1. On alpha carbon coordinates alone, what is the Rg over Rh value for the stretch B:50-149, Rh being the Kirkwood radius?
2. From the C-alpha coordinates alone, can you work out the Kirkwood hydrodynamic radius of the stretch B:266-411, in Å?
3. Treating only the Cβ of Lys, Arg, Asp and Glu as charged (+1, +1, -1, -1), what charge dipole size does chain B show about its Cα centre? Round to the nearest 20 debye.
4. Have a look at A:41, A:10, A:79 and report the one farthest towards the positive end of the charge dipole of the stretch A:6-151, computed about the Cα centre with Cβ charges (Lys/Arg +1, Asp/Glu -1).
5. Tell me, what does the Kirkwood hydrodynamic radius of the protein assembly as shown come to in angstroms if you use every pair of distinct C-alpha atoms?
6. Given Cβ point charges of +1 (Lys, Arg) and -1 (Asp, Glu) and nothing else, what value in debye, to the nearest 20, does the dipole of the protein assembly as shown about its Cα centre take?
7. Just grab the label-to-label distance for residue B:201 and residue B:404, each label 7 Å out from Cα along the Cβ direction, in nm (one decimal).
8. Excluding residues on the same chain fewer than 8 positions from residue B:105, give the lysines whose Cα lies under 26 Å from its Cα.
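Only the coordinates and a few stated rules stand behind these numbers; no lab work does. Since we're looking at a predicted model, the values are computed, not measured. Here the Cβ is made from the backbone with ideal geometry for all residues, glycine too, and neighbour counts use every protein chain on show.
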Amino acid sequence: MQPATTAARARVLILGYGNPGRGDDGLGPAAAARIEALGWPNVTAYDAYQLNIEDALDVAGHDVVWFVDAARTGPSPYGIEVLAPAASLAFTSHLMRPEAILAMAHHYYGASPQAFLLGIRGYEFAFVEALTQAASGNLASAVDMLTDWLRAPAASPAS
Amino acid sequence: MSDLHVDLERTSPGPRKIVIDPVTRVEGHGKVTIRLNEAGEVEQARFHVVEFRGFERFIQGRMYWEVPVIVQRLCGICPVSHHLCAAKAMDIVAGVDKITPTAEKMRRLMHYGQVLQSNAVNFFHLASPDLLLGFESPVAQRNIIGVIEAFPEVGKWAIMIRKFGQLVIAATGGRRIHPRLCIPGGVNQNLAVENRDALRADVDQIIQWCCEALELHKRFVSAHHTLHETFASFPSNYMSLVGPDGAMELYDGTLRAIDAAGAPIFEGVSPQAYRDYLIEEVRPWSYMKFPHIRSLGREDGWYRVGPLAQINCCAFIGTPIAEMARKDFMAQGGGGLVHATLAFHWARVISMIHCAETIKQLLFDNDLQGTDLVVTGQRRPEGVAIVEAPRGTLLHHYQVDHNDQVTMANLIVSTTNNNEAMNRSVTKVAIDDLTGHEITEGLLNHIEVAIRAYDPCLSCATHALGDMPLVVTLEDADGAVIATKVKQ
């Protein structure tokens with residue numbers, strides 16, 4: 001069933017990132033896949049191994065962005081953080097933070113979407129293409145929350 | 001404001017000790033340890049990569065034809081390089097020594113798109129803030145946003161060149177993430193005409209932007225000649241693939257290694273023979289192996305790979321604009337090699353030009369619309385392949401049993417090849433910049449600048465929240481910690 005509220009009008013991006021070949025690091029892509037399967041026309045969901053600069057283009061084209069990542073620490077089943085643009089410089093290109101993507105979207109495209117980081121708690125990050133049972137439970141809770149939010153968006157989703 | 005988190009603590013008796021919030025030894029973070037001698041001088045510096053070593057075992061037991069897809073799990077930045085390298089190795093296993101022209105050119109097109117976009121990310125996002133804004137500029141401004149504000153066109157180049165490379169990957173592999181082009185013995189599709197035409201429409205602009213980036217970078221070098229020559233620099237051996245005529249070659253070829261004077265150490269080495277020429281040493285303090293040239297031993301046999309090595313090792317570049325740029329670049333060496341560590345960046349931009357030019361050539365080659373895609377052969381038990389990935393020489397070696405399952409996998413990734421060189425660059429920075437027992441922001445900053453030149457591939461590729469800080473520790477001659485600093 002499609003959302004009937006403002007989510008039907010807002011353009012929402014769900015960007016799940018992580019490596020499904022590394023156990024619970026696949027939580028982000030798994031969440032994006034479940035949201036994509038809903039098929040809601042105003043919601044774009046895709047996954048990436050890692051964030052990268054061209055994601056700024058997609059971010060700039062949406063009103064609300066949810067970055068979804070696995071979390072090694074923090075609350076279970078998930079934690080939510082409101083994000084603001086913040087540029088940074090890492091020592092390797094193998095690290096790009098969502099705040100940096102938002103900064104690029106803001107500075108280069110003049111876009112300032114509302115943005116959240118959904119960190120789903122994971123536990124095992126070995127070379128295996130499967131989520132742990134505990135992480136799968138956390139994923140279900142996180143997707144339920146996200147689905148509810150997409151049906152009735154709130155400015156500050158409850159963690 | 002810097003995002004360093006430092007608490008100060010005094011121990012008594014003994015040296016001043018700076019302690020940080022506990023940092024878990026998570027996979028993927030970089031750790032630098034600087035050891036002082038009894039006189040308080042820098043004795044050595046080590047760049048540790050805290051990385052789970054297990055992806056070879058991850059591949060064991062897989063069916064050999066699955067491997068080109070599975071290995072993309074190794075790295076979120078270079079999945080295409082692993083995809084292509086594994087496919088080349090599995091061509092050998094499948095008994096195929098030569099794939100069809102359409103298959104080879106499709107793979108080349110994908111590869112050059114990957115190298116182009118990855119080098120663009122490195123140059124514009126990692127290097128340009130240091131180079132264009134200055135090493136000593138405030139951390140809060142020294143990032144891509146600061147660059148965009150000072151040089152608005154650079155931000156556009158960064159995004160659009162990266163996007164173009166990703167479009168090349170999507171056009172050849174079906175999608176920009178997790179592409180699936182290669183199968184043992186060939187490829188599973190040719191290039192659709194509509195994709196070819198879309199890429200043709202943009203490629204000249206991409207070449208132009210790469211050339212403008214080169215000119216911008218050369219202005220930095222002119223203005224900071226001594227810094228460019230000396231920062232974290234030293235003479236070294238180099239290794240890369242070259243073509244049969246000595247041309248720069250990123251997809252296929254034979255290995256060439258040269259010494260610091262440019263004399264050949266070996267050349268014409270087939271990937272299958274790598275173990276006759278290279279040896280991988282394990283050291284107890286590092287998760288990452290130390291490959292070196294067998295004939296020279298561990299002390300003298302280390303080498304550098306990557307864009308600087310690709311240009312130092314080749315006799316010429318086979319595309320006109322990049323070849324002109326190579327000649328200009330090599331003039332720095334006064335007839336010899338270029339050894340400056342910061343020259344990795346200059347070389348990287350030349351590589352971008354070469355990739356863009358090669359992509360253009362391929363887009364006007366009708367073989368890309370051919371329909372002869374796969375060759376079959378007599379199964380073999382073993383295959384080795386090498387490509388020049390964006391960060392340098394990448395090797396995949398597999399053994400496959402009668403059930404078509406992989407029984408052994410050995411991967412030497414570019415960052416592993418540069419392991420010793422990164423240690424030496426960090427040591428050079430520590431010797432030049434460390435004063436007293438304090439890890440200053442300036443020292444931390446310069447260590448990062450040195451590491452960025454190599455752009456090490458660290459995590460391959462987990463990045464769960466909280467990962468990948470850079471930790472720098474200063475130790476006295478007995479190994480006691482004097483100071484530690486963490487850059488998140």
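1. Here the Rg-to-Rh quotient is 1.15.
2. For the stretch B:266-411, inverting the mean 1/r across all distinct Cα pairs yields 18.4 Å.
3. 780
4. Farthest along the dipole direction, towards plus: A:10.
5. 25.3
6. So the magnitude is around 620 debye.
7. Output for this residue pair reads 4.1 nm.
8. B:88, B:163, B:360
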